[in-house]
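Working notes for the structure below.
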Amino acid sequence: MKVLLYLLLISSCSHLRSVDLAPGEKKSDHYSRGRKIMITTQGPASTLAGKKIFELGGNIYDVAVAISFAISVERPQSTGIGGGGFLLHHQKGKTPKALDFRERAPHRSSEKMYLDKSGQEIKGLSRKGIKSVGVPGLVAGLIQIHESYGLLPLKTVMKPAINLARNGLEIYPELFRALKIKESVLRKFPANLKVFFTKGKLKQKGDLLVQKDLARTLEIIARKGSSGFYKGEVSRAIILESKRLGGILSQKDLDGYRVKSREPIKGTYRNHSIFSMPPPSSGGVHIIQILNILEGYDLKTLGVQNPKTIHLVSQAMQAAFYDRAMYLGDTDFEKVPVTGLISKKYASSIRKKIDQEKFLELKGEDPNFYESLETTHFSVMDGDGNVVVSTQTINGYFGSGVMVPGTGIILNNEMDDFATKVGNLNLFGAVGGSKNLIRPKKTPLSSMSPTIVFKKDKPILALGSPSGTKILTCVMSTILNYLEFGLSLRQSQELVRYHHQWKPNFLRIEKPGFKSSTMRKLEDMGYAIKEKSLGCKVQSIAREGDELIGVSDLRGQGMAWGI
Ligand code: GLY
């Protein structure tokens with residue numbers, strides 16, 4: 001019966017991505033069912049690292065820390081110990097907590113550091129090379145999580161990552177693609193030649209990638225904890241390389257790095273509570289803002305791929321991205337009208353401006369009136385309802401491109417997530433606002449959105465994704481597909497995705513797009529359409545009854561595992 005319903009749904013909705021399994025079948029790297037634990041990550045070796053630590057008696061925090069270090073090795077193009085991240089977690093019977101271990105602006109940074117004398121942006125300076133580097137936070141964050149909540153020794157938890165770095169991994173298509181795109185940047189920093197090149201030639205798909213220096217650095221961290229990175233020989237190597245390349249990082253920055261505990265953003269959508277990452281992420285605020293706007297429509301009756309549904313969702317996205325540029329920044333430095341932005345009344349005022357038939361550029365009212373290309377994500381949930389969701393990054397492919405000699409550490413280019421100037425665009429085309437200008441020690445605005453959805457006090461959905469500004473819309477639409485349209489978790493992820501971020505002013509729809517009549521109708525409504533992948537690789541876990549269902553996005557090369 002279930003299979004029949006599923007086939008009916010596929011045939012009535014011809015735009016589902018290819019589905020290799022029907023419900024009930026169990027064998028797929030991307031899809032798993034279990035009861036005790038579920039893990040979804042963007043890398044098979046990282047999922048297996050989590051599995052190993054669980055089998056050794058680790059709890060979800062040990063598993064999360066093991067995955068984080070392993071994915072730093074497995075996806076050096078996406079994340080690493082030279083980067084940072086956000087993590088949301090929930091312990092049964094308690095309210096969720098958020099941890100911010102994102103990069104901070106060095107103390108010698110300044111508002112105009114990427115502008116020339118005439119006030120023009122110096123192209124590429126915030127994206128490539130040593131000047132694009134923010135103070136890394138990943139190691140501080142992971143060690144704090146492990147010390148606060150882990151059960152197993154750090155050395156045990158880090159072992160899979162160390163082995164992976166030392167023994168090597170086969171270069172898979174996504175990694176090879178990133179290497180090819182960034183080859184010329186990587187060549188500029190000689191330490192990369194030892195790792196990503198063989199006799200001066202870029203390694204190829206299928207070649208073994210061994211990261212011996214990184215293995216050594218990880219071993220030092222496993223022995224010494226946080227100080228293995230922020231002090232001693234590793235920190236000396238970072239600062240030396242920064243000085244050699246004319247950067248501004250200093251030991252004072254590393255000594256002064258602090259992980260920040262933050263209160264998660266909370267919203268609701270039809271009897272469900274949603275907890276997500278607060279500023280300096282824009283993710284949580286705008287996921288809730290968009291869902292608030294959409295809650296006022298009967299989308300379920302309209303249907304998931306009805307042009308009107310796509311239009312209403314896109315308008316809500318566009319309005320949110322306008323507000324993102326206007327109001328979002330690090331709340332430790334800026335006044336951000338969070339309560340207004342996530343209030344139902346503000347959503348209702350935006351809804352009133354939406355024309356049901358045509359696209360309008362929406363610039364919301366002042367929410368103060370209502371005042372109250374790369375990255376990675378993984379999710380872990382256990383049978384008791386404990387959850388860890390974390391998004392981690394070095395920002396663009398291979399971050400700044402700078403590998404610190406002798407350490408294997410690739411430094412981030414997270415400074416590009418600041419506004420280099422009001423109105424300038426970052427790597428993801430997001431418009432920079434005044435609240436996101438650079439200040440020493442400030443955290444750049446992010447879209448990373450680790451999120452947990454609850455029904456009463458039970459977590460029923462845990463998810464997140466990589467892909468810059470698209471993260472928040474991909475997370476939002478997975479939630480919408482699952483809660484509003486009642487699709488299975490797998491279908492919720494597999495449906496064609498779309499994204500509108502105000503500027504650039506087009507509706508980005510992933511291939512193969514919608515049926516041609518829907519595409520035409522959207523154009524008639526006034527949308528400029530661009531067919532392009534959104535890059536999201538959602539890693540999600542649903543809890544349905546006693547069962548945990550894990551889906552690692554079929555668009556990527558990740559893996560779900562559960563038992
Ligand atoms: N570096 C991408 C983000 O934080 O949104």
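The values are calculated or read from the model by the stated rules, or taken from the named source; none is laboratory data. Quick caveat: nothing in here was measured; it's all calculated off a predicted structure. Cβ placement follows ideal geometry from the backbone for every residue including glycine, while neighbour counts extend to all protein chains displayed.
Worth a mention:
- Among the residues of region 218-247, those that are within 19 Å of VAL133 (Cα to Cα), buried (at least 19 other Cβ atoms within 10 Å of the Cβ) and not hydrophobic (A, V, I, L, M, F, W, C) comprise TYR230, SER235, GLU241, SER242, GLY247.
- Filtering region 266-299 to residues that are part of a strand (DSSP E or B), among the β-branched types (Val, Ile, Thr) and within 18 Å of the chain's Cα centre (by Cα) leaves only ILE274.
- Within the option set LYS455, LYS470, being closer than 22 Å to GLN42 by Cβ and touching a His at 6+ places or on another chain (Cβ under 7 Å) holds for one residue only, LYS470.
- The residues of region 315-371 that are among the hydroxyl-bearing types (Ser, Thr, Tyr) and modelled with pLDDT of 95 or more, listed by number, are TYR322, TYR327, THR331, THR339, SER343, TYR346, SER348, SER349.
- Of all residues in region 406-428, those that are among the polar types (S, T, N, Q) and modelled with pLDDT under 90 have Cβ atoms under 9 Å from Cβ atoms of residues that are part of a strand (DSSP E or B) and away from the ligand (no atom under 13 Å from the Cβ), 6 or more apart or on another chain, in ASN424/GLU121; ASN424/VAL431; ASN426/ALA419.
- Condition check for LEU48: part of a strand (DSSP E or B) and of a type outside the set (Gly, Ala, Ser): no
- Taken over region 112-132, the criterion of being in contact with a helix residue (DSSP H, G or I) (Cβ under 8 Å, 6 or more places away or on another chain) and either polar (S, T, N, Q) or within 16 Å of VAL431 (Cα to Cα) (or both) is satisfied by TYR114, SER126, ARG127, SER132.
- Counting only helices (runs of 4 or more DSSP H) that fall entirely inside region 142-243 and contain at least 1 residues that are of a type in the set (D, E, K, R), the qualifying elements are 154-167, 173-187, 191-196, 212-224.
- Exactly one residue out of LYS112, LYS92 is more than 28 Å from ASP207 (Cβ to Cβ), modelled with pLDDT of 95 or more and of a type outside the set (Gly, Ala, Ser), and it is LYS112.
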